[in-house]
Amino acid sequence: MTSHLPTEGTWSKCPYCQAHVNQLEWGQIKQCPRCGRYQRLSAQDRLAITVDEGSFQSLPSARSQNRLKITGYDEKLTKNQQRSGLDEAIVTGQGTIQGYATMIGVMDSHFMMGTLNTTVGAQLRQLYQVAGQRQLPLILFIASGGARMQEGIFSLMQMNTILATKQQFDRQEQVSISVLTDPTMGGVSASFAFKNDIVIAEKQAQIGFAGPRVISATGHEQLPDHFQLADDLYTKGLIDDQVSRPDIRDYLGNLLLLHQRGPHFA
């Protein structure tokens, strides 16, 4: 799994304050040194700051097929595969966080905005199934623009099939955790994103169904600046907690400790 995203020595513009920041200044957590806002992480970067070094073992991945013969879809898939170094918009596997074993899925917004399609759906179902078989907790980092339009109704079907597989996982009485990152939108937010046992969000993440521009145009009203941001959802009780990016690893480690099973934790 090799990233083809910007590397050391390159410059990028902060999408929030518009400052030009050298890649070295972003740091490992990709935080703007000028305004403090976070850059969106690739799946590789997210794993690097979350799991214990050398502990992550990937589950098998697959490449999507253009079954509906949508013009230009094959080219988009190839471009995103080359750019991200991924087969699809998610990486799944097993790793440890502070020594505690867990199954992990990381959706990547750099691959077609992390959209949900048949292949991503299949990998999510596989993740829940393997977590159940191995009797391990499950952590899902979610970053998605919704269902992928190039696969039509087949993308939308993933919403229910993932939830059905999660119900089977729930019978194992293991904990499942959602970490909502920027962005968590569309059909993903309307289905499995909020269905895990514990739902936290990374601070500054945008979370909703339709985007604010669509809502504002439809409702003909000015939306507040914090609309759909993690702190707004937390204030309204829609998520269990919001956590700063540097603190997420320790936060998850504590959750895994509290949910250990076995004779020493009965």
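The values are calculated or read from the model by the stated rules, or taken from the named source; none is laboratory data. From a predicted model like this one, the values you see are computed outputs, not experimental measurements. Every residue, glycine among them, receives a Cβ derived from its backbone with ideal geometry; neighbour counts consider all protein chains shown. Only protein heavy atoms, including side chains, enter the accessible area calculation; ligands, DNA and RNA are left aside. Shrake-Rupley method; radii C 1.70, N 1.55, O 1.52, S 1.80 Å.
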Seminar exercise, completed: Ranked by GNM mean-square fluctuation in the chain (Cα springs under 10 Å), the top entry among A62, A217, A205 is A217
Exercise. What whole-number value in Å² describes the accessible area per residue of the range 142-266 for a 1.4 Å probe?
Worked result: 52 Å²
For this session: Calculate the length of the line joining the C-alpha centroid of the range 131-163 to that of the range 46-63, in whole Å.
Result: 18 Å
Seminar exercise, completed: DSSP beta bridges in the chain: the antiparallel percent, rounded to 5, is 45 percent
Exercise. How big is the charge dipole of the range 190-260 about its Cα centre, in debye rounded to the nearest 20, if each Lys and Arg gets +1 on its Cβ and each Asp and Glu gets -1 on its Cβ?
Worked result: 200 debye
Exercise. Which whole-number percent gives the relative contact order of the chain, counting Cα pairs below 8 Å spaced six or more residues apart?
Worked result: 14 percent
For this session: Once you have a ≥ b ≥ c as the square roots of the Cα gyration tensor eigenvalues for the range 141-264, tell me rounded if a/c is under 1.5, and otherwise prolate or oblate according to whether a/b is larger than b/c.
Result: oblate
Exercise. Which of the peptides 14-21, 47-54 is most tightly packed, and how do the rest follow, going by the mean number of other Cβ atoms within 10 Å of each residue?
Worked result: 47-54, 14-21
Problem set entry | the range 173-266 - share of DSSP beta bridges that are antiparallel (%, nearest 5) | 10 percent
Exercise. Within the chain, what's the longest stretch lacking trypsin sites (Lys or Arg not before Pro) that sit in DSSP loops with no more than 12 other Cβ atoms inside 10 Å?
Worked result: 70-170
Problem set entry | Heavy-atom accessible surface of the chain: percent carbon and sulfur, 1.4 Å | 51 percent
